[in-house]
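Colleague: For reference, the structure I am asking about is given below.
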Amino acid sequence: SRSVRWAFAYKFPPRTEITHITDIVVQVGRTGRLTPVALLDPVDVGGVTVSRASLHNPDEIERLHVDIGDEVRVRRAGDVIPEVAEVTTKRATSTFDFPKRCPICESPVERDGPLAFCTGGLRCDAQLVRTIIHYGSRSALDIDGLGEKRVEQLVDAGVIEELADLYTLSVTELSALDGWGTTSAENLIEAIVETRTPSLTDFLVGLGIPKVGPAIARNLAATFGNFEAILDADEDALRDVEDIGPTLSTHIVEFFRNEQNRAAIDNLLSAGVTPQTQQSTATTDAPLSALTFVC
């Protein structure tokens, strides 16, 4: 939906600089993926001061044989994302020991090929924070005032323990927190209430299904017409949807069959969230519905 298949972008080789790793931290993303990040002595790379660089995954750490204290070559992948390209001088006597448990919730870490994932699900505060931020983002339900800092504050204070708690927030408990007043609390609650009947596309995006962005969500909504049909669809039915193949259909089915995900969805629906329905193209019997047009 955002990259035409026939187009190629040619770029100059990225500029690189040498610096030292002062520490390595492991971040937990919305899907539970653990990403190691190298903290660096600040260095100018192509006009940008870089102090953090991605190490991507445990396999990349092993490939680079990298650890704290090493001298490394840093570049900006695609002239955007800083990453460690290679170790230029090995000063540590070991390779960074990737954690076997989540650094946030202590849940076991599982490997999926080169990647590592926290198994804590929404019990992990890091995943819960990222899930709520994504749910309220512009590409999803677009909840004004629900930024990263506020979400972190609400989760840290125990006001929100799951996604559905957004819809039970009160002015009293919000205004009691640092930095909140009655007006700001009322504005946020009003913005959340307006999302109780989201479009089916926005709701699907907000759930954070792996690999399901706005384009795929629109196709799902257009094909099935209502959330219940998508929730119960099997892989064969999903593969009939435009742009969905075997891998993505498996991801979608596994997402909805996951007990934690299903419980979070059920609680959202019980809290009064009702995704809108739309006419399904799967049952449309229009004169041109069976034809394919090639320009």
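Colleague: Could you give the spread of the C-alpha atoms of the range 202-279 along their three principal axes, from largest to smallest, in whole angstroms?
Modeller: Rounded to whole Å, the extents work out to 33, 28, 19 Å.
Colleague: Let me make sure I get this right: for the range 141-189, a, b and c are the square roots of the gyration tensor eigenvalues over alpha carbons, sorted descending. Under 1.5 in a/c it's rounded, otherwise prolate if a/b > b/c, else oblate. Which is it?
Modeller: It is rounded, given that a/c, with a ≥ b ≥ c, falls under 1.5.
Colleague: For SER270, SER94, SER54, what's the largest-to-smallest order of accessible area, 1.4 Å probe?
Modeller: From most exposed to least exposed: SER270, SER94, SER54.
Colleague: Roughly what angle does helix 246-257 make with the longest principal axis of the chain, taking Cα atoms, 0 to 90 degrees, to the nearest 10?
Modeller: 70
Colleague: With a ≥ b ≥ c the root eigenvalues of the C-alpha gyration tensor of the range 1-49, is it rounded (a/c under 1.5), prolate (a/b larger than b/c) or oblate?
Modeller: Judged from the Cα gyration tensor, the range 1-49 comes out oblate (a/c at least 1.5, b/c at or above a/b).
Colleague: When the C-alpha atoms of the range 98-172 are aligned to their principal axes, what extent does each axis show, in angstrom, from largest down?
Modeller: That works out to 42, 26, 19 Å along the principal axes.
Colleague: Taking a threshold of 30 Å on the Cα-Cα distance, which of the pairs LYS11/LYS149; LYS100/LYS149; LYS90/LYS211 fall above it?
Modeller: Listed pairs above 30 Å: LYS11/LYS149; LYS90/LYS211.
Colleague: Relative to the longest principal axis of the C-alpha atoms of the chain, give the angle of the C-alpha long axis of helix 214-224, reported between 0 and 90° and rounded to the nearest 10°.
Modeller: That works out to roughly 30 degrees.
Colleague: Okay, next question. Less than 14 Å Cβ to Cβ from VAL151, Lys/Arg counted +1 and Asp/Glu -1: what total charge do the surrounding residues give?
Modeller: Neighbourhood net charge equals -4.
Colleague: In debye to the nearest 20, how big a dipole does the range 1-123 give about its Cα centre with +1 on each Lys and Arg Cβ and -1 on each Asp and Glu Cβ?
Modeller: That gives a dipole near 540 debye.
Colleague: Helix 182-193 versus the longest principal axis of the chain: what is the Cα-based angle in degrees, 0 to 90, to the nearest 10?
Modeller: 60
Colleague: If Rh is defined by the Kirkwood formula over all Cα pairs and Rg also comes from Cα, what ratio Rg/Rh do you get for the range 88-246?
Modeller: We get a ratio of 1.07 for the range 88-246.
Colleague: Show that you can apply the helix-only estimate: for the chain, add -39,500 (n - 2.57) for every DSSP H stretch of four or more residues, divide by all residues, and state [θ] at 222 nm to the nearest 500.
Modeller: -9000 deg cm²/dmol
Colleague: Also, I was wondering about something else. What do the square roots of 5 times the Cα gyration tensor eigenvalues come to for the chain, in whole Å, largest first, as semi-axes of the equivalent ellipsoid?
Modeller: 37, 28, 19
Colleague: If you average the C-alpha positions of the range 35-105 and of the range 112-179 separately, how far apart do those two centres end up, in angstrom?
Modeller: 28
The values are calculated or read from the model by the stated rules, or taken from the named source; none is laboratory data. It should be emphasised that the depicted structure is a prediction, and the values quoted were computed from it without experimental measurement. Here the Cβ is made from the backbone with ideal geometry for all residues, glycine too, and neighbour counts use every protein chain on show. Just so you know, the surface numbers come from the protein's heavy atoms only, side chains and all, with ligands and any DNA or RNA stripped out. Shrake-Rupley method; radii C 1.70, N 1.55, O 1.52, S 1.80 Å.
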